[in-house]
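A short reminder: the numbers here are calculations on the coordinates, not readings from a lab. Note that this is a predicted model, so its numbers are computed, not measured. Note that we place each Cβ from the backbone using ideal geometry, even for glycine, and neighbour counts take in every protein chain shown.
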Amino acid sequence: MDKNTLVIRHVSSDPNCFMVIAGVKTSQPVEIGPPESFKVEGRPNSNLTLDLRWYLEDFLTYPFHPDTDKAHNVQDCLAQWGESAFKALFDNLEGGGMLRQAMDGHYKNLNLIISSDDPGVLSWPWEALRDPQIGYLVHACQMGRRIDSAADPAPISEKLPKDRLNILMVTARPYENDVRYRSISRLVVDQVEKQGLPAEVHILRPPTFDNLRNTLRANPDFFHVVHFDGHGAYGSLDGPVDISGGYQFKSKNQGCLIFENEKGEAEPIKAGLLSDLLREYSIPMVVLNACQSAMIDENAGDQFASVASALVRAGCSGVTAMAWSLYVSGAHQFLPAFYSRLFETGSLAHGVRAGRRQMLAKPDRVCSRGEFPLDDWLVPVVYQQQDLDFSFKNQGKEQREKAPLPQEINDASNPFGFVGRDAAILEMERRLHKEIPAILIHGIGGAGKTTLAKGFVKWLADTHGLGAGCFWFAFNDIRSAEYVINDMGEKLFGGNFRAASLEDRIKALWQEFKKHRYIIVWDNFESVCGIPGTEVKPMLPEQDRQLLKDFLQGLRGAPTKVIITSRSTEDWLKADRKKLGIRGLAGEELWELVNAVQDHLGLKIDRKDEDIQKLMDLLGGHPLAMRVTLPLLEDHTPGQLMEAINQGRNIYGRDADEATAKFYSTMEMAVQTLPKDLQPLLIPLGLHEKYFMIKQLEAIAQRVDSAWTRERLDAFCRAMVHLGMLSPLIGPFYELHPALTGYLRCVTQDRKLNEEWQRAFVDILARIADAFASKPLPDQRMVFNINKANFYHAMALAQQLETDLAYLALVQALALHAQNIRNFGEGKTLFEQLASAYHARGTIEGEAVAYHQLGLIAQEARNFSAAIEWYEKSLDIKEKQCDEHGAAISYHQLGIIAQEQRVFLEAEKWLKKALGIFEIAGNELSFAASCHQLGIVAQEQRDFQAAKTWYMKSLKIEEKQGVEHSAAITYHQLGIIAQKEGDFQEAVKWCKKALGIQERKGNNSEISNCYHLLGTVLLEQGDFSEAEKCYKRCLNIDEKIGNELGLASSYHQLGVVSQAEGDFEAAEKWYKKAVDILEKYYNEHDAAQSYGQLGVLHGLQKKFESSGRWFIKSIKVFVRTNDLHEAQKHSRNFMITYLSAPAAMREKLEALWKEAGLPDLSEKPEEGDD
């Protein structure tokens, strides 16, 4: 015992006698009156023990007169008992001398221990010991309890980590309308994170007793602290009767903790059972903020009847527990101070003292009166059998490697952070352990679906519940389900994942996801199927939707779960998703958001104001409605705002459900606070969706009235930002809140929207669309990303208003953009729409243009016969109209098709015919395009010198005209020729020149082409690793934009890399993946390249027959497509296989050769190419 420790030991032979012990000194026994002998004023039939429990556990249910007087009397009586006990112990020569010596000049040095085996004595409120001079000792010194008969705890394991404290948090919430799920755990997690404390918090999932046993067994010598955050009870466990979240007891009393069972229902665990478990795994410290976890009384079976004392018997060195029920708001004061001081000093007693002092300093507790002071600092008690040293204050917390979170989790655009949603988080946590593979978060716009998904993933990551990692997919930007599969697979299994068949890839993912937990988020999932009757159109075809559904079905019963956010209930997924509808915030969560908003905006909102409370009730906790409304309190009373909202409900309630009507009326009330002269701008704003450019809003407004200056528009936008309805983006752009457009359109319908605004909107949007219609994709990208939904809305309005020219311009621009982004289905529909509109107007020139574009789309799909039909249909009109220039454009395309079909003479004929017309007309850019295409024709025939001549001719014009995009494509082609000629340095020079332009412009398809060429150069130089990186970069780009032919090209090259590295199995998978796509698109020439490589591959493995078959298949295609060079090359490779084969196999190969109708094999091969 150190010199500062003073023990007050109960004399077991006398229930009220105690001795003071300091080292080897022992005082004479003194008698202390038990608290039961003290009467509270005005309570002659009760005693301090009973009334103290009433004060701490029941008083705040009705903290009003006359109970407030009773509470003061209890406090006075407690102080009297505390002073009486202090005087009995220390107001004498022996005890007083020992006290002064242990204090060493100050109470802060004193460590006071209450030691007994008597349950009744252990139940006394020893924390109320009071020095009349300085007050309650517990605030000035360290105080704890010790059980005399308890065995000394086992030494703390040397294997426990010494760089941090590992805390296992058991949070059980089995009751309906229970305490908020993360009310305590989040407090601890946030404290560790914000203060950089040397600790890791692990949440026990699920919070069952069986899982606690399994977790401790799986992690021996790992956890320093088990922290139980839940319900406790004290009484008899013989025949418990559930009474509103607690238990009644009979016969001998003992403590228990309430865990959950597998169904999430209450499961009381007796103190002894918990004691046995923790003894087995030697947990040094336990923190119990469960109610009554340290409660004990004279009716206890023994001194170990409380949960806290039972844990002491289990060998825990230190236990912090609650002698009475503890309010959550009290725990909010105690725990942060407790953990901070624990880490600062390494001492449990010092930590508890700091927590008590914080409770004393901040006594207000949440209750029916709002908040009311309560002296509950004596609720936490300490049982400590030996000193603990968890001092990590001088040891830095090394960053442990965690599974990286997707960048989407960073919610920097949300100034308020993730607030509330504890009930939803708890429900999602429970569903992690169910069989259903997906959790669907659905709700109206602005409800916070994505915010909840981000908050949930971050919570899991912070509490070691995320498992092996997280994947995040925003479906509003995804056009291929296979992209989702491949992105996950590549990250999990590496580069060769894509080489496998789709079936094998999905099986590999299922296997991994069934073995380990991952969280997969599918955000904005309404984009997959669309929402009928809204602006949300389906972005994935039926077969892709089925692929996602099949993938989900394979995850049933797996630990991996998919979190889906959607405005739709996604009924097509049926039993593969469990719906979780989210509504408004409520209770303390609502006020958390109020506090966050008022702090951000610098407002002061009094939550005790009855009108404020009514306003919050009216808003229904809708996050956006609250953010919109709260700033208005700066200039309006709550009553004024409520009146305005209710007026709106009368309007919108006719056609909308209650939630939507309330939300719309809130928005209406907010916009009515705008200056009256700016409110008309809501009309054009409501015509926009998602985004708008301030310049276009200005142009629309000035078309209606020149008085709409930029200064007034800026003022309008600032006001809308202040209301939370707009978010400023980089540059002169704004983002509309997702719920704003629906509200404004509802409003403008009721206001009989001024047609003048509609016509102005249509005209300006049509002009913008037309200006960018013929631009290359890099130049289109920003305008269409901002305005695509606006263009569609303008197109619909143009049709209604019968503004034909604007309608045609919008359809054409949207069609050309769809073609550029390779959305050929959308492009085909729009061009057919365009052709029909021109035909109805009798504008045959426009009709010809639409037919030409339909030809381009068919050509992109490699449906050459359909493309030729469309071009000829267009050409027929142009030639009848003597439109030489228009005809030349069609000649040019017919030349490209002939080149793709490898009919080179016909290709040259068409291209030179177009070239002559362009030259006479002085159309330099079209002339350059035909020169470029003639270069490709020469290149395909391996006439590299002629190809370079054509390319340089094209390049001269492109550079002169400053057309970077076209020049970059020509640089790329010159790089290909250099590569084929073996001049790798020159190839890289041209390629990097092209790449610099394409990356600056963000032209993904051409960026992919450049990396493909760099990969080929690296491959030929023998740098297989870097080549593979280049090809996989191509895959990532082409997968996302849906460029299947680009994918096939990279698959082929990855096969070459794998073959060169000796991984023949992977090589074959890559080649066959390429073949699958190329055959699908009838691209037999490129498919033949892969056939040939499969022949080489099988030859290297001495699979002579299959090698010969692949070569023959490739040769037949090359002969048919007029590629004699490749036909000869693969004929030589066939001969190598033939000559390497045994005699019997040669006869078989020769028979296969003759059967294919190929020339005699008597000619010996030249040098092979394999």
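Nearest 10 degrees, 0 to 90: what angle lies between the long axis of helix 824-841 and the longest principal axis of the chain (Cα atoms)?
The angle comes out at about 60 degrees.
Run the numbers for Ala1151 and Asp163: contour at 0.36 nm per residue of separation, minus the present Cα-Cα distance, in nm.
348.2 nm
Over the Cα atoms of the range 1065-1117, each weighted equally, I'd like the Debye log10 I(q)/I(0) at q = 0.17, 0.23, 0.24 Å⁻¹, rounded to two decimals.
Results for the range 1065-1117 at q = 0.17, 0.23, 0.24 Å⁻¹ read -0.45, -0.78, -0.84.
Plugging the Kirkwood radius over Cα pairs into Stokes-Einstein for the chain, at a temperature of 25 °C and a viscosity of 0.890 mPa s, what D comes out in µm²/s?
68
Once a ≥ b ≥ c are taken as the square roots of the eigenvalues of the Cα gyration tensor of the range 823-883, is the result rounded (a/c under 1.5), prolate (a/b larger than b/c) or oblate (a/b not larger than b/c)?
oblate
Quick one: helix 1044-1060 against the long Cα principal axis of the chain, what's the angle to the nearest 10°, folded into 0 to 90?
Compared with the principal axis, the helix lies near 80 degrees.
What is the range 67-214's relative contact order, in percent, from Cα pairs under 8 angstrom and six or more apart in sequence?
With pairs under 8 Å counted, the relative contact order is 19 percent.
Taking the Cα centre of each part, how many Å lie between the range 888-929 and the range 434-496?
If you average the Cα positions of each part, the centres end up 49 Å apart.
Mind ordering 1061-1069, 1029-1037 by average Cβ neighbours within 10 Å, highest first?
Packing order, densest peptide first, comes out as 1029-1037, 1061-1069.
Using a Förster distance of 45 Å, how high is the FRET efficiency between Lys880 and Lys1102, based on the Cβ-Cβ distance and rounded to 0.05?
Using R0 = 45 Å, I get an efficiency of 0.10.
Looking at the chain, send over the antiparallel percent of its DSSP beta bridges, to the nearest 5.
In the chain, DSSP labels about 45 percent of beta bridges as antiparallel.
To test your reading of the geometry: what angle, between 0 and 90 degrees and rounded to tens, separates the Cα axis of helix 658-671 from the longest principal axis of the chain?
That helix lies at roughly 80 degrees to the long axis.
Run lengths n ≥ 4 of DSSP H only: what is the helix-derived mean residue ellipticity at 222 nm for the chain, with -39500 (n - 2.57) per run over all residues, to the nearest 500?
-17500 deg cm²/dmol, from helical runs alone.
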